[in-house]
Amino acid sequence: MSISIRPFQPNDLQGVLRVLAQSMHADAIPESRFVRQVLLDANFKPDAAPVAVRGDDVIGFCLSIGRQVPLENAPSDAEKGYVTLIGVLPSEQRRGVGSQLLASAEAYLRNLNRKLVMVSSYAPGYFIPGVDVNAYPAGLSFFAKQGYKEIIRPVAMQTSLWHLRQPDWIGERACKLAGEGVSVSPFKPELTLPLLDFAREEFPGDWVRVVREVIGRIVSQGDSPSRLIAAIDQGKVVGFSHFENERFGPIGVAASQRGRGLGQVLLYQTLMAQRDAGFRVAWFLWSDDKTAARLYNGAGFREVRRFALLRKELA
């Protein structure tokens, strides 16, 4: 029976989830997350999500995004498109299905006048930051054959919280910062605007949304204020750190404040808050090796995954 490629339809949901579960074995994507992160995304378009079917069976899926609703406080990416998911049932692989799906996604992006395709740094809806080079080596080869080139290889890391202890030097550094007028404490409502201003000024991109949503959950849903740790210098936020369950981050320090140990103080306060909340590991998906060596290795973080961020120029 022949294979056809068509846009995503509502009744495809369970078939798509089955494809992703079997083809992306290292990345569990439950139905609730797919609905929230894909179908409810203002930039989702069925034509940008081609589905491969054989008869009535979904055998492959690809998700591409051409942003049309701008991301708050972020540089324009009007020339970029993104591919954030692609999978084919193992029994159907090596038959050209993936190539057809990717070609359909690229054609959609080309029709939007996108000049560049990225795999897969789309904010806020990416699942993993590229292709996992160890879990999906065939995927890396597949994209290479389709003309995609590597840009960077971000690292995902994890640390155990079972026996976490804050080093003495962290306490000493916090005391030194306090003597210089810098306090570090959990969120309180009067920090709402300073935190949003900090994210807007220091980290153009998706961090304003993250801060706004976290504050909303703390204020309206009773989440612990310790989920969001802020560093304040004379009423101005100069750094913050955040966690959501076991996931650590984001963490950021104002460019003018770096080199004072503020990042390490924020890191340990957040890890201690995660431990006190009952979590036994902390992990994050994306860092570069330089930041890992400077900040995370000393806190016991170890590499657990390595990704390849890819790009392709569209003719």
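The values are calculated or read from the model by the stated rules, or taken from the named source; none is laboratory data. Just so it is clear, the model here is predicted, and its values are computed rather than measured. Glycine gets a Cβ as well: all are built from the backbone with ideal geometry, and neighbour counts include every protein chain shown.
Of note:
- Selection count, the range 255-301, where residues are hydroxyl-bearing (S, T, Y) and not assigned by TED's automatic domain parsing to the domain that holds K176: 3
For (1) more than 30 Å from V83 (Cα to Cα); (2) at pLDDT below 95; (3) of a type outside the set (D, E, K, R); (4) surrounded by 13 or more Cβ atoms within 10 Å (Cβ to Cβ), each residue gets a yes or a no:
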position	(1), (2), (3), (4)
G139	no, no, yes, yes
A144	no, no, yes, yes
Y148	no, no, yes, yes
Q158	no, no, yes, yes
F187	yes, no, yes, yes
G222	yes, yes, yes, no
I251	no, no, yes, yes
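- Residue selected from the range 55-80 under the condition charged (D, E, K, R) and buried (at least 16 other Cβ atoms within 10 Å of the Cβ), by the criterion modelled with the lowest pLDDT: D77
- Test: residue in the range 129-136 that is acidic (D, E) and surrounded by 18 or more Cβ atoms within 10 Å (Cβ to Cβ): yes
- In the range 224-234, the qualifying residues are those that are modelled with pLDDT of 95 or more and outside any strand (DSSP E or B), and the one that is nearest to the chain's Cα centre (by Cα) is R227.
- Yes/no for N111 being in contact with a Lys or Arg (Cβ under 6 Å, 6 or more places away or on another chain) and polar (S, T, N, Q): no
- Condition met for L191 (crowded, with 20+ Cβ neighbours inside 10 Å and over 18 Å from the mean Cα position of the chain (by Cα)): yes
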